[in-house]
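The values are calculated or read from the model by the stated rules, or taken from the named source; none is laboratory data. These numbers come from a predicted model, not from an experiment. Here the Cβ positions follow ideal geometry from the backbone for every residue, glycine too, while neighbour counts run over all protein chains shown.
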Amino acid sequence: MSNAIAVFASARRNGNTGKFIDWIAKELTIDVIDLSEKNISPYDYDHKNIDDDFLPLMHKLLEYEKIIFVTPVYWYGPSAQMKVFIDRTSDFLDLEELKDIGRQLRKKMAYIVCTSISNDADSSFINSLKDTFEYLGMKYGGYIHANCEDGYVQGNYRQDVESFVSSVRELSGV
Ligand SMILES: Cc1cc2nc3c(=O)[nH]c(=O)nc-3n(C[C@H](O)[C@H](O)[C@H](O)COP(=O)(O)O)c2cc1C
């Protein structure tokens, strides 16, 4: 079994970010989970949504050593679907019975795969995710970004994909 998995959230499955992660996932032979296929509702202080797809998804992710967060840059941040997913990790901080699940994230590596129409991923976007990983105790493994200013031009990203894929593989045998 592969030791990595990708969690993908874009407003379209086969857009720039979808194509980018499909390529990377093929190289790494890993699965891509599309958050749009999950019923995960926004964070709720009363946890009335505790029975939605968030917890089963977290259990699935925790089977892997490396979690790759995949999102376009939308307004200097992650997609709304990715933000909802990240917000929900607060369930682990609130609920005593879930704290153990939250603690399991501490052993995990986190990576970012992103696209935008800028030369590089916006620093506030990267930093907000990095800070979140750090807060959750995850180790940050780095990011790869595709500039899609002229559309999705696969040939432009080849070298970056090669080094990203080998860095994900490096730390153990994906
Ligand atoms: C709502 C929205 C907000 C965006 N905000 C930014 C941004 O802040 N910076 C940027 O460089 N590109 C921005 N873009 C461009 C997207 O990041 C870029 O087109 C990306 O490759 C889209 O990926 P997708 O096809 O998976 O949606 C934005 C696009 C949309 C639709």
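Within the range 142-150, can one find any residue that is free of Cβ contacts under 8 Å to residues at least 60 places away in the same chain, among the acidic types (Asp, Glu) and surrounded by fewer than 16 Cβ atoms within 10 Å (Cβ to Cβ)? Checked against the condition, which is being free of Cβ contacts under 8 Å to residues at least 60 places away in the same chain, among the acidic types (Asp, Glu) and surrounded by fewer than 16 Cβ atoms within 10 Å (Cβ to Cβ), the range 142-150 yields at least one hit. Taking the range 2-30 as the range and being β-branched (Val, Ile, Thr) and farther than 18 Å from Ile117 by Cβ as the test, the residues that pass are Ile5, Val7, Ile24, Thr29, Ile30.
Could you list, in sequence order, the residues of the range 125-139 that are outside any helix (DSSP H, G or I) and free of Cβ contacts under 8 Å to residues at least 40 places away in the same chain? Result: Gly137, Lys139.
Tell me whether the range 6-21 contains one or more residues that are within 16 Å of the ligand (Cβ to nearest atom) and in contact with a Cys (Cβ under 8 Å, 6 or more places away or on another chain). Checked the range 6-21: at least one residue is within 16 Å of the ligand (Cβ to nearest atom) and in contact with a Cys (Cβ under 8 Å, 6 or more places away or on another chain).
Out of the residues in the range 93-123 meeting the condition of being buried (at least 16 other Cβ atoms within 10 Å of the Cβ) and β-branched (Val, Ile, Thr), tell me which one is farthest from Val168 (Cα to Cα). Filtering first and then ranking leaves Ile101. Residues of the range 63-73 include at least one that is within 16 Å of the ligand (Cβ to nearest atom) and aromatic (Phe, Trp, Tyr). Of the residues Asp120, Asp87, Asp100, the single one that is more than 15 Å from the ligand (Cβ to nearest atom), charged (D, E, K, R) and over 17 Å from the mean Cα position of the chain (by Cα) is Asp100.
Does any residue of the range 115-124 turn out to be out of contact with any Lys or Arg (no Cβ under 8 Å at 6 or more places or on another chain), in a helix (DSSP H, G or I) and at pLDDT 95 or above? Before you say what the answer is, go through the steps one by one.
So in the range 115-124, the residues out of contact with any Lys or Arg (no Cβ under 8 Å at 6 or more places or on another chain) come out as 115-124.
Okay, now just the ones that are also in a helix (DSSP H, G or I), so 123-124.
When the remaining residues are screened for being at pLDDT 95 or above, the result is 123-124.
Among the residues of the range 115-124, at least one is out of contact with any Lys or Arg (no Cβ under 8 Å at 6 or more places or on another chain), in a helix (DSSP H, G or I) and at pLDDT 95 or above, which makes the answer yes.
Filtered by the rule that a residue be farther than 12 Å from Ile21 by Cα and in a helix (DSSP H, G or I), the range 140-156 gives Gly155, Asn156.
Can you pull out the residues in the range 71-89 that are polar (S, T, N, Q) and part of a helix (DSSP H, G or I)? Before the answer, list the steps.
So in the range 71-89, the residues polar (S, T, N, Q) come out as 71, 79, 81, 89.
Residue satisfying the conditions is Gln81 alone.
Under 8 Å between Cβ atoms, at least 6 apart or on separate chains: pull out the pairs that start in the range 58-70 with a residue that is under 17 Å from Lys83 (Cβ atoms) and end on any residue that is of a type outside the set (A, V, I, L, M) and assigned to a helix (DSSP H, G or I). Pairs found: Val70/Thr17; Val70/Phe20. Tell me yes or no: at least one residue of the range 40-48 is within 19 Å of Gly141 (Cβ to Cβ) and either touching a Pro at 6+ places or on another chain (Cβ under 9 Å) or more than 16 Å from the ligand (Cβ to nearest atom) (or both). There is no residue in the range 40-48 that is within 19 Å of Gly141 (Cβ to Cβ) and either touching a Pro at 6+ places or on another chain (Cβ under 9 Å) or more than 16 Å from the ligand (Cβ to nearest atom) (or both).
For (1) aliphatic (A, V, I, L, M); (2) modelled with pLDDT under 95; (3) farther than 25 Å from Val165 by Cβ; (4) surrounded by fewer than 19 Cβ atoms within 10 Å (Cβ to Cβ), each residue gets a yes or a no:
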site: Met1; (1), (2), (3), (4): yes, yes, no, yes
site: Ile5; (1), (2), (3), (4): yes, no, no, no
site: Lys19; (1), (2), (3), (4): no, no, no, yes
site: Asp22; (1), (2), (3), (4): no, no, no, yes
site: Lys48; (1), (2), (3), (4): no, no, yes, yes
